[in-house]
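Trainee: Starting off with a structure, shown below.
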Amino acid sequence: QFATRVVSCQAAELRPEGGGAPVRGFQVVLEDTILFPEGGGQPDDRGLIGEVPVLRVTRRGPEALHFVPAPLEPGAAVVLSLDWDRRFDHMQQHSGQHLITAIAEQMFGFKTTSWELGRQRSLIELDTPSMTAEQVEALERSVNEKIRERVPVTVRELAADDPEIETVRSRGLPDDHVGPVRVVDIEGVDSNMCCGTHVSNLSDLQVIKLLGTEKGKKNKTNLVFLAGNRVLKSIEQSHSTEKALTSLLKNGPGEHVEAVKRLQSSVKLLQKNNLNLLRDIAVLIARDFKSKPVRSQLFVLHRKEGDSEFMNIIANEIGTEDTLLFLTVGDEKEAGLFLLAGPVEAVENLGPRVAELLGGKGAGKRGRFQGKAAKMSRRGEVQALLQEFISHRSPEA
């Protein structure tokens, strides 16, 4: 917590990170703050000003702008509270990035060009087209050795014209930077210009896990990592998944992959057999209709299990020169697929109306109109429409 005063409060809008309509609120400037504004690859802090939640913290020159949903009185004394869990997580990830970046450059000459602190995992963009599994393993081993050595992490401030700045690793200062330059030192390992929040000793990182690499932009490589509590959460999640799979598959963790492969093979075989049976059923349904001494001009069929191929086989077998077919598959009261087949002119006329009645969309050509239906429960209305159409056709037609 931190006691301070409100300097200004102005009406403002906040665009949610996940998109959507802007949120109305207020931008508050305080005399000083312990909430970090987003920058340097690190997300912002969260917390409270009194009882009012801080939804976003951004930087405008030397000022931190706190976005809040309720107004605060300028000049009022307030107590600022920090969401420590979020802050410490960001400290672990950011200091972990500095350590990985420094060791990767020392060991392999791979320079870091950017990084991203994500909600579940973080990425370091390395200026190399590839990185071997052996290099990843060696890097992980080296960074964790430094953590076990309890190396101190310190912060110092230099004047903007201090010649020592030239010796510090940096990607340059922002255009609107004012005041001293902040340098984060990992003793004997790295010295880096940085505005972010960090641990005071590498031992606070607990452990770093490198999850592997992904292909990056412009011939670069993204190194994926977890640090500190995120490693523990990942292990807990993996263990829970492992326990659930052990219960479902009735075997030990070492046999899970083979068990899933066997299940996939069984499912593929069953799907193939089911498809063949559906095709046979479609042919039998069509032949049964054709065998009747007097054929109806309208053929209507619904089946819960089926697909577009099932319906088209029936239409092919029956033939659509003299018969109008309305076929549907899927849940009777929810969504599914439909096919209207028959004389070209009739289908062109009725197809869009059928799709509209079923609350769906479709397209057609050469006497077939098919698509998705959102309201299968309205099949009866479609059947009535088709029956009325047939009853009004002349015998010649």
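Trainee: Using only the Cα atoms, what convex hull volume per residue in Å³ does the chain have? Could you put the intermediate results ahead of the total?
Mentor: On the way: hull volume 96.5 nm³, N = 397.
Looking at the chain, the number lands at 243 Å³ per residue.
Trainee: Shifting gears a bit: Using a probe radius of 1.4 Å on heavy atoms only, what accessible surface per residue do you get for segment 2-82? Whole Å² is fine. Display every interim value, and only then the final one.
Mentor: Details: 4090 Å² over 81 residues.
Normalised by residue count, the accessible surface of segment 2-82 is 50 Å².
Trainee: Leaving out same-chain residues fewer than 8 places away, which aspartates and glutamates sit with a Cα under 16 Å from that of K218?
Mentor: Those aspartates and glutamates meeting the cut-off are E125, D127.
Trainee: Mark the label point 7 Å from the Cα of K217 along Cα→Cβ and return the residues of segment 85-124 whose backbone N is within less than 19 Å of it.
Mentor: The answer is 111-119, 122-124.
Trainee: How big is the antiparallel share of DSSP beta bridges in segment 275-393, given as a percent to the nearest 5?
Mentor: Looking only at bridges with both residues in segment 275-393, the antiparallel portion is about 75 percent.
Trainee: For a Förster distance of 30 Å, can you work out the FRET efficiency between the beta-carbons of S238 and K111, rounded to the nearest 0.05? Kindly include the intermediate steps, with their values, before the conclusion.
Mentor: On the way: r = 32 Å, r/R0 = 1.07.
In this case the efficiency is close to 0.40.
Trainee: Which of T132, T58, T320 moves most in a GNM of the chain, Cα contacts under 10 Å?
Mentor: Among T132, T58, T320, the largest mean-square fluctuation in the Gaussian network model of the chain belongs to T320.
Trainee: Separation between the R119 and S266 pseudo-spin-labels, each 7 Å from Cα along Cα→Cβ, expressed in nm?
Mentor: 3.6 nm
Trainee: Of A282, A12, A70, which is the most mobile in a GNM of the chain whose springs link Cα atoms less than 10 angstrom apart?
Mentor: It is A282.
Trainee: Would you work out which of V7, G228, T167 lies farthest towards the positive end of the dipole of the chain, given +1 charges on the beta-carbon of Lys and Arg and -1 on that of Asp and Glu, about the Cα centre?
Mentor: About the Cα centre, the residue reaching furthest to the positive side is G228.
Trainee: Moving on. Would you calculate the volume per residue, in Å³, of the smallest convex hull containing every Cα atom of segment 2-82?
Mentor: 89 Å³
Trainee: Okay, moving on. With a 1.4 Å probe and all protein chains left in place, how much accessible area per residue does segment 193-327 have, in Å²?
Mentor: 62 Å²
Trainee: Assign unit charges at the C-beta atoms only (+1 for Lys and Arg, -1 for Asp and Glu), then state the dipole size of the chain relative to its Cα centre in Debye, rounded to the nearest 20.
Mentor: On the way: 51 positive and 55 negative charges, 418 e Å.
Dipole about the Cα centre, nearest 20: 2000 debye.
Trainee: Moving to a separate point now. For all pairs of alpha-carbon atoms in segment 196-290, what percent lies in each bin of width 5 Å, listed from the first bin to the last filled one?
Mentor: All Cα pairs considered, the percentages come to 2, 10, 9, 10, 10, 11, 11, 9, 8, 6, 5, 4, 3, 1, 1, 1, 0.
Trainee: Counting pairs of alpha carbon atoms under 8 Å apart in space and at least six apart in sequence, what relative contact order in percent does segment 2-82 give? Please list the in-between numbers first.
Mentor: Values: 193 pairs, mean separation 30.4, N = 81.
Taking the mean separation of contacting Cα pairs over the length of segment 2-82, I get 38 percent.
Trainee: Test of understanding: extend the Cα→C-beta vector of E332 to 7 Å, then name every residue of segment 280-297 with backbone N under 18 Å from that spot.
Mentor: Hits in segment 280-297 for E332 at 18 Å: none.
Trainee: For segment 2-82, with all protein chains present and a 1.4 Å probe, just round the carbon and sulfur fraction of the accessible area to a whole percent.
Mentor: Details: 2200 of 4090 Å².
About 54 percent, which is the carbon plus sulfur part of the accessible surface.
Trainee: I would also like to ask the following. About the Cα centre, and with charges only on the beta carbon of Lys, Arg (+1) and Asp, Glu (-1), how big is the dipole of segment 142-262? Nearest 20 debye, please. Write out the running numbers ahead of the final one.
Mentor: On the way: 18 positive and 18 negative charges, 204 e Å.
For this selection, approximately 980 debye.
Trainee: Taking the mean number of other Cβ atoms within 10 Å as a proxy for protection, how do you rank 80-86, 268-274 from highest to lowest?
Mentor: Numbers: 80-86: 15.3, 268-274: 10.1.
The densest-packed peptide leads the list: 80-86, 268-274.
The values are calculated or read from the model by the stated rules, or taken from the named source; none is laboratory data. For clarity, every value in this text was computed on a predicted model and none was experimentally measured. Reconstructed Cβ throughout: ideal geometry from the backbone, glycine too, with neighbour counts over all protein chains shown. Protein only, heavy atoms only, side chains kept; ligands, DNA and RNA dropped before computing areas. Shrake-Rupley method; radii C 1.70, N 1.55, O 1.52, S 1.80 Å.
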